[in-house]
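Every read-out reported here was derived from the displayed coordinates using simple, explicitly stated rules and does not represent laboratory data. Computed from a prediction, not measured in an experiment: that's the story for all the values here. Reconstructed Cβ throughout: ideal geometry from the backbone, glycine too, with neighbour counts over all protein chains shown.
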Amino acid sequence: MLGMSTEKELLFQVEDLKKYFFPKNRPPIKAVDGVSFSIYKGETLGLVGESGCGKTTCGRTLIGLYPKTDGNVCYRGEDIHAMNEKARKAFTKRVQVIFQDPYSSLDPKMKVREIIAEGIKNHKLASTPSQERDMVFHLLELVGLRQEHATRYVHEFSGGQRQRIGIARALAVNPEFILCDEPISALDVSIQAQIVNLLQSLLQERNMTYLFI
């Protein structure tokens, strides 16, 4: 359309990113060694490589779960490895992660409603307990679960259901970017397509941006 800007909105700019580990009395392990890429809003970028090549380490360093060894990672122009506490909290609202293993990434001592509501509480997104409850119910339904699942513990669910809970937890703060760290590799083949279809529908409905490992 005449007059409409077609310039893409840059979210992440990664330049020569390096992440080394330094085991005692051994040479450094160069898990990530000079990686550069850009991620634009609305895109799905795939990070592909053989097992053990550093994909997960790259993703976790990208969002600040690991400190970098060298290079630059900027989110909307701001160095995420130099953020103060206030900026970091705002960053964690806009950027979330779905972990590879739905069995170890959810606290077994917490009920599903507590897991999903954790981000809602931390970012003060609900003004009343009833509003928080309604938000949790909506998220459960969004990922294909039922309201009564809110009162159960994670050990009562299958692997696919647990991953749906993890997705609901990530969506609870309404992020614009999600790091998907091999979100289907630990699931049965019959369940993998369901999770991929769910993520695809969320991409369209919420204008999400993904980094898929």
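Annotations for the structure displayed:
- About its Cα centre, the stretch 50-188 has a charge dipole of approximately 440 debye under the convention of +1 per Lys or Arg Cβ and -1 per Asp or Glu Cβ, with nothing else charged.
- Per-residue Karplus couplings for the stretch 193-208, computed as 6.51 cos²θ - 1.76 cosθ + 1.60 with θ equal to phi - 60°, are listed in order as 5, 4, 5, 4, 5, 5, 5, 5, 5, 5, 4, 6, 6, 10, 6, 6 Hz, Gly and Pro entered as x.
- Length-normalised contact order for the stretch 122-213 - Cα pairs under 8 Å, 6+ apart - percent: 27
- Sorted on the mean count of surrounding Cβ atoms within 10 Å across their residues, most packed first, peptides 67-75, 125-133 read 67-75, 125-133.
- For the chain, the longest principal axis of the alpha carbon atoms and the long axis of helix 129-142 meet at an angle near 70°.
- Ordering 49-59, 163-173, 25-35 by mean Cβ neighbour count within 10 Å, with the highest value first, yields 163-173, 49-59, 25-35.
- Partner lysines for Lys109 [C-alpha distance under 21 Å; skip if fewer than 8 residues away on the same chain]: Lys121
- Set of lysines with alpha-carbon distance to Lys19 below 22 Å, sequence-local pairs under 8 removed: Lys30, Lys55, Lys68
- Its DSSP H runs of at least 4 residues, each contributing -39,500 (n - 2.57), put the calculated 222 nm mean residue ellipticity of the chain at -11000 deg cm²/dmol, to the nearest 500.
- Long-range amide H partners of Asp33 with built H, under 5 Å: Lys19
- Note on Lys93 and Glu50: with the Förster distance fixed at 45 Å, the Cβ-Cβ geometry gives a FRET efficiency of about 0.85.
- Contact order normalised by residue count of the chain, Cα under 8 Å, 6+ apart, percent: 24
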